[in-house]
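Contents: one structure, followed by commentary.
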Amino acid sequence: MNSRRAFLVWGIAVLAYVLAVVQRSSLGVSGVDAQDRFAVSAAVLSTLAVVQIAVYAGLQIPVGVALDRVGPRKLVLLGAALLVVGQAVVAFSPTIGPAIAGRVLVGAGDAMTFISVIRLVPMWFSGRILPQISQWTGNLGQIGQILSAFPFAVLLHAAGWTPAFGVAAAVSAVGLVLAFVFVRNGPVVVRTGTIPLPHSWGAAFRTFGHALRRPGTQLGFWSHYVTQSSGTVFSLLWGVPMLRGLGYSPAEAAGFLTIIVAVGFVAGPVLGLLCARFPMRRSNLVLGVVVLLAVVWTAILLWPGHPPTWLLVLLVVAMGIGGPGSLIGFDFARTFNPVGSLGSANGVVNVGGFLAAFVMMYLIGLLLDVMSRVTGETVFAWDNFRVALTVQYLVVGFGVAMLLHARRRTRRVLHAEEGIRVGPLWVALVARLRKRHVQ
């Protein structure tokens, strides 16, 4: 455990995740090109992304069950193979129909990668390093956004649609070979803990039922839902068109996406340390991230005229914190589930952010088309985005209400089973201040 081999296996698995993110986010930097190539409306373009995310979210639970049954290695390999085929289909698609089919395959391959890599972590590492490794897994994976924002985008505009997506498929093929050679299930057995061992698929689905019913798993789901969705919508589809509508060049728009990743590298380890140091206050970290995003988005949408660059930079910084913040959901899953059901629990959690994202993506596309007809402006005009982006408040607001409900249930279970009482944060802060004053 925590050996050189563990880091090698983890490193190659993370590489597979990086390449999955490249394929996932390649549509985000090619949204304008896709609209030109396929001659479709904003609503149809959003369908191209929504279908991919819907497949991703819909497969999380079946993939989670399969993880507990067969282990992560096979699913990492299958995911890489689907990514290769999916991007190859997109590369040669002459119309929107085959492109949607290709993105379905991309969504399916992507769905198998991250939670499989996260499932590998407790099989190769132990102790206090676990939250740190989990945060680094998510943060390093976002290098894929940088690769799609710059090398892929440059190739797309220099060589065209087919060569760019063809190269993306070839790079994933290299990742598939490396994963086949190096990635192995760890020395910790796939199925352990108090849940009945899933010796059959029926038992595996019962294991999933145990994980789903745990309030801690549900708390992880809603934590992921409220923190990741805004950044996902921005990075995967509507961020670049929005920035182009504000007058920024493709290179400048790609720079904004890169800031999201760079901030994640700083915020991730900090949040990991805070989770390890204050495990009973992790939900407060999640809510803090949501408040930060809400404040910045409100300032941008209410700003008269075009918002200034410094405010947009603040927005992508907040999104950069939101990505690592969503990983706290997986920390809830790890804490409140035995190892034997972690695949199922992680699958449930990972549905959260992507479920919210594909709902917002589609609604934003619809509203952009409606506003374009009302205002007479081009679809990607800033005034259209200003209205369309307000759907975030409804979707994320619902998630915050559900998170608070799940937190109350989780704290009741924690008190009943372990005798640990977790009160409001302000009460704890007042008690600590009084203790210091007495000392």
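A few comments on the model shown:
- Test: residue in the range 172-193 that is out of contact with any helix residue (DSSP H, G or I) (no Cβ under 9 Å at 6 or more places or on another chain) and at pLDDT below 90: no
- Flag for V289 being buried (at least 24 other Cβ atoms within 10 Å of the Cβ), farther than 15 Å from Q135 by Cα and aliphatic (A, V, I, L, M): yes
- The condition of being β-branched (V, I, T), within 23 Å of F221 (Cα to Cα) and out of contact with any Ser or Thr (no Cβ under 9 Å at 6 or more places or on another chain) does not hold for V32.
- The range 225-247 residues that are closer than 17 Å to A318 by Cα, paired with ones that are part of a helix (DSSP H, G or I) and of a type in the set (D, E, K, R) (beta carbon under 6 Å, 6 or more apart): none
- Residues being aromatic (F, W, Y) and modelled with pLDDT of 90 or more - total across the range 201-240: 4
- All helices (runs of 4 or more DSSP H) inside the range 337-439 with 3 or more residues being modelled with pLDDT of 85 or more: 342-375, 382-388, 391-418
- Identity of the residue in the range 373-412, polar (S, T, N, Q) and open to solvent by less than 40 Å² (accessible area, probe 1.4 Å), that ends up nearest to L243 (Cα to Cα): N384
- Complete set of residues in the range 345-372 that are more than 30 Å from P122 (Cα to Cα), open to solvent by less than 10 Å² (accessible area, probe 1.4 Å) and of a type in the set (V, I, T): I364
- Any hit, the range 305-315, residues being under 28 Å from S134 (Cα atoms), open to solvent by 10 Å² or more (accessible area, probe 1.4 Å) and either modelled with pLDDT of 90 or more or of a type in the set (K, R) (or both): yes
- Among the residues of the range 23-79, just one is more than 17 Å from the chain's Cα centre (by Cα), surrounded by fewer than 19 Cβ atoms within 10 Å (Cβ to Cβ) and within 15 Å of N350 (Cα to Cα), namely P62.
- Hits in the range 207-233 - residues which are more than 21 Å from D331 (Cβ to Cβ) and open to solvent by less than 10 Å² (accessible area, probe 1.4 Å): V233
The values are calculated or read from the model by the stated rules, or taken from the named source; none is laboratory data. Small disclaimer: the values here were computed from a predicted structure and weren't measured. No Cβ is skipped: glycine too gets one built from the backbone with ideal geometry, and neighbour counts run over all protein chains shown. Note: accessible area is taken over every heavy atom of the protein model, side chains too, but ligands, DNA and RNA are not part of it. Shrake-Rupley method; radii C 1.70, N 1.55, O 1.52, S 1.80 Å.
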